[in-house]
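Quick note: the coordinates plus some simple rules give every number you see, no bench work behind them. It should be emphasised that the depicted structure is a prediction, and the values quoted were computed from it without experimental measurement. Counting neighbours? That spans all protein chains shown, and the Cβs are built from the backbone with ideal geometry, glycine included.
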Amino acid sequence: MGVDAHRAAFLITQHNPNDKSFFKYYMNHMKSKLGTGAVTDKYYAFLVDRRNLLRGKKQIYGTQGKCENGEWVAPNIENTLLLPFLRKDIGLLSIKEFSDTICIR
């Protein structure tokens, strides 16, 4: 499966969390491919955070949130001190960079 196919599978999975068996299957598949270049690692972070919030748990990467007053606000972060490092390691922009990119001020 190529990177474009993985992107399509990610989008389907991210926007259809009700198919729990496929969600779990694809997350495990992505996890096994992290760091290989076969998948876009940061997409895994989105799935982890989506799954955690659906289960009533805290986010790891702060990918699920919204723009409020020009700033990205991600609720229920597990460890705000580690967040910048975890985001960088998985290939995400910092919260500030992401806010500057996506949120209108």
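Given (1) farther than 23 Å from residue 102 by Cα; (2) out of contact with any Phe, Trp or Tyr (no Cβ under 9 Å at 6 or more places or on another chain), identify the lone condition not met by residue 34.
(2)
So, of the residues in segment 68-105 that are charged (D, E, K, R) and not in a loop (DSSP other than H, G, I, E, B), which turns out to be farthest from residue 42 (Cα to Cα)?
Checking each candidate, the answer is 68.
What are the residue pairs meeting all of these: first residue in segment 14-36, first residue closer than 19 Å to residue 63 by Cβ, second residue small (Gly, Ala, Ser), Cβ atoms under 7 Å, and 6 or more apart or on different chains?
Final answer for the pair search is 26/9.
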